[in-house]
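This report refers to the structure that appears directly beneath it.
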Amino acid sequence: MTKEEAAKKAPRISLHGHWSSRMAFVLAVTGSAVGLGNVWKFPYITGENGGGAFVVVYLFCVFLIGMPVMMSEVLIGRRGRRNPVATMSLLGEEEGSSRRWGLLGSLGVIAGILILSYYSVIAGWTLAYTYKSAAGNFAGGSAADITAIFDTFTGNWLEVGVAHTVFMALNIVVVARGVERGLEQAVRFMVPALFVLMLILLGYSINSGHFAEGAAFLLTPNFAALTWDSVLVAMGQAFFTLSIGMGAVMAYGAYLPAETSITGASASVVIADTTISMLSGLVVFTLVFANGLNPGQGPGLVFVTLPLAFGQMAGGTFFATVFFVLLIFAAWTSAIGLMEPAVAWVVERFHKTRVQAATMVGSLIWALGFGTVFSFNVLADVRFLKGTIFENVDHLTSNIMLPLGGVFITVFAGWVMCRNSTADELGGAGPTYSLWRFLARYLAPIAIIFVFLKAVGLLPDLAGS
Ligand code: PHE
């Protein structure tokens, strides 16, 4: 199909005051991508994995693996124009392989359920922190006071459980009523507002006089200290933060107009997401060094550093409240993307209504979430494999299931689909197309498998490494 034909087939886009479909797509995917992964997870795992070198690996993974995986997901979604399971089986057949590619959709359904089970708990922390901010609990607090607030709160399973329950209930309502669109439109102001608040925090943290230290921790790589396990975590974070590897982006791709550039739309999302993460890292580590905190303290990192900064800032109660409200919205737009594949599947497979499906799936996720709720208190000492229940669920999903999904997605787009189909979706065979095809066929799947094997010690080290 030529560009002109594509333009004729595509739905018309209104020019004034309405959502163009491209904009709607970018907003939906950005809403799914920007979330707790950027503000909460990125700083804390960067701190745990030693900073600079980890960030460099993460950025490489985002651009050289994440970007081609995202483009593959979008092009598969647009070509199939169905839900991920149906799209994969349809294209599997159409491209002369097998309908069994639909099984990939099931991996996504399970990954979404497991990720949301802990994501909702952390979103619950954010809800509670909005309340604590508005109540002025952080005003003038010292590092010790604010650390104590965090420890007392997460140590109380009932409070954390209630917050998790409220967040899951919000999700169930939105997903059941299918009003995601309304929330997606919130992304239009939420992401810029989050960006502005991050800049305010950055201004404040620069004033603390420790900006150089924070920036150095984030940006100066020391590869000697990097382990293969950290490389795996960095790669997992690239998948997690971009919401790729589980079919969420594929589902959104199904609604993308034929003439929209997949490369352009994916690049906008990747850049917005990476900017928010890097800003968040700069702010958090500057505050860590300004207050003599430990960068590797774990999941409480942002919940200690940011309230501490807000507590000392003029107008801090207001800014802190606004910040946490924005973070709830950011988490919410990501959470509906995590829940949607499972709900769509239950609706289609078991012929349930959306309300029934959302309630069933939501209740299951809610119950599973208590594994994470208890990981910070009554079951904190139950440790196996990678640590607590929370740490195991996180490791299994972010570092194994999503990258594995990425292998299948790139193999499908790069090897199973014929050149004509993919070139057609990516706007013809130019240099960008060749680069994508190289990354999707070779670099991404091989790099992912290589990192897996290295991390479990199945590949011998080269001399000196
Ligand atoms: N990308 C989201 C975040 O960074 C999390 C997410 C992962 C959402 C996978 C959907 C799918 O917070």
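Coordinate-derived values only; no laboratory data. Since the structure is predicted, the reported quantities are computational estimates derived from the model, not experimental observations. All Cβ positions, glycine included, derive from the backbone under ideal geometry; neighbour counts span all protein chains shown.
Against the main long axis of the alpha-carbon atoms of the chain, helix 103-134 sits at an angle near 30°. In the chain, the longest principal axis of the Cα atoms and the axis of helix 143-155 are about 60 degrees apart.
Of the trypsin sites (Lys or Arg not before Pro) found in segment 355-439, those that fall in a DSSP loop while having at most 15 other beta-carbon atoms within 10 Å are ARG383, LYS386. Note: relative contact order over segment 13-455, using C-alpha pairs below 8 Å and six or more positions apart, is 36 percent.
Against the chain, whose longest principal axis comes from its Cα atoms, helix 444-455 is set at around 40 degrees. Between SER261 and ARG441, what length comes free when the chain is fully extended (0.36 nm per residue of separation minus the Cα-Cα distance, one decimal in nm)? 62.8 nm is the gain from fully extending SER261 to ARG441. The average projected area of the chain, computed from the convex hull of its Cα atoms over all directions, is 22.5 nm². Summary value for segment 269-370: 13 percent relative contact order, contacts being C-alpha pairs under 8 angstrom separated by 6+ residues. Each residue of segment 326-334 was assigned a 3J(HN,Hα) from its phi angle through the Karplus curve 6.51 cos²θ - 1.76 cosθ + 1.60 (θ = phi - 60°); the sequence is 4, 5, 4, 5, 4, 5, 5, 5, 7 Hz, with glycine and proline shown as x.
Taking packing as the residue-averaged number of other Cβ atoms within 10 angstrom, the listed peptides 58-68, 264-274 run from highest to lowest as 58-68, 264-274. Neighbour counts of C-beta atoms inside 10 Å place MET313, MET168, MET71 in the sequence MET313, MET168, MET71, starting with the fewest.
Couplings 3J(HN,Hα) for segment 280-289, derived from phi with the Karplus relation 6.51 cos²θ - 1.76 cosθ + 1.60 (θ = phi - 60°), are 4, x, 4, 4, 4, 6, 4, 5, 4, 6 Hz, where x marks Gly and Pro.
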